[in-house]
Amino acid sequence: MSKLTDNLPFAPGGGHVGIVEFADQTSDNLQPSGSVADVKNAIAHLSPASSMGCKTHTAVGLRHGHTMLTNHGRANVSQVVLLITDGSPVPKDTGIKNAAAEAAALKKDGVTILGVGVLGSGGLNETEIKELCSTGGYFSVASWSDIDKYLNKIISASCAPRLYECVEDAGCLSTTTGGVPKDVCMKDPKCAPP
C-alpha cells in the first residue's frame, strides 16, 4: 500500500487518502489527509491481519468509508473508495446483501468504488466483490504482494472519469503519465482561476 501513495498527487489541493481497516473489528485509521507522511505512517501502523480477526465485515467497512467521505471529503473532487479484500462479505446469509446496499449508497452519492480481490486465501468470491465495484473497477491479484503490479491501473481507474482535478493555484494534476499541458488544462472550466 505504501507504493500506492508514492504515485498519488498529494498536495493541499491534491489527493487525500483516508484509511478504514475492517475484519471482525473496524478501525478508522486515518481521516482523509493530503499529508504523505500521515498516510505512510497510518499504513505502517495497520494492524496485523491476525489481530483484526478473520471475518470480512465488508458492509461495515464500506459504511465507515461512506461516513468518512460524507463528514471529511472535499467538495468538487472525485470521491473514490478502494476496497481491498481477501474474503467474501459476512455473515454468510446477509453479508453480500448488506455490502451491496452500502455500495449502492456510495454510488448514489457519486463515489467510485474500486476493488482489489486478493485470491491467495481462497475465501474470496470474485463475483460478489465485482458486483460491489463501479463498472470496470475490479482487479484481482494472486497475493497481497501482487498489488504493486496493478498500481498504475488502480491509480488510473481511481481518477476516471476526470482526467485531472483543480488545485488551489488553478494548475492541474494529471493522472496520466506525461501530464496535461497547463494551457490545455486551463481551457477546462473546472480549472478556471477563482
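Taking a cut-off of 19 Å, what percent of all Cα-Cα pairs in the stretch 17-84 are separated by more than that?
Working: 741 of 2278 pairs.
Above the 19 Å cut-off, the stretch 17-84 has 33 percent of its Cα pairs.
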Exercise. Simple spin-label model, 7 Å along Cα-to-Cβ: residue 97 to residue 150 in nm?
Worked result: 2.8
Exercise. Can you pick out the pairs among 92/149; 108/149; 55/153; 40/108; 40/92; 55/130 whose Cα atoms lie more than 26 Å from each other?
Worked result: 92/149; 108/149; 55/153; 40/108; 40/92
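Less than 15 Å Cβ to Cβ from residue 93, Lys/Arg counted +1 and Asp/Glu -1: what total charge do the surrounding residues give?
Values: positive: 55, 92, 97; negative: 128.
Overall, the nearby charge balance is +2.
Taking Rh as the Kirkwood radius, which is the inverse of the mean 1/r over Cα pairs, what is the Rg/Rh value for the stretch 71-142? Mind dumping the intermediate values first?
Working: Rg = 12.7 Å, Rh = 12.7 Å.
Reported Rg/Rh (Cα atoms, Kirkwood Rh): 1.00.
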Exercise. Non-local amide H neighbours of residue 139 (under 5 Å, H modeled in plane, Pro and chain starts lacking H): which ones?
Worked result: 115, 116, 117
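When the accessible area of the stretch 73-163 is computed with all protein chains present and a 1.4 Å probe, what percentage of it is carbon and sulfur?
52
How much space per residue, in cubic angstrom, does the convex hull of the C-alpha atoms of the stretch 117-157 take up?
On the way: hull volume 2.4 nm³, N = 41.
Here the figure is 58 Å³ per residue.
The values are calculated or read from the model by the stated rules, or taken from the named source; none is laboratory data. Because the structure is predicted, anything quoted here is derived from the model rather than measured. Every residue, glycine among them, receives a Cβ derived from its backbone with ideal geometry; neighbour counts consider all protein chains shown. Keep in mind that these areas ignore ligands, DNA and RNA; they rest on the heavy atoms of the full protein, side chains included. Shrake-Rupley method; radii C 1.70, N 1.55, O 1.52, S 1.80 Å.
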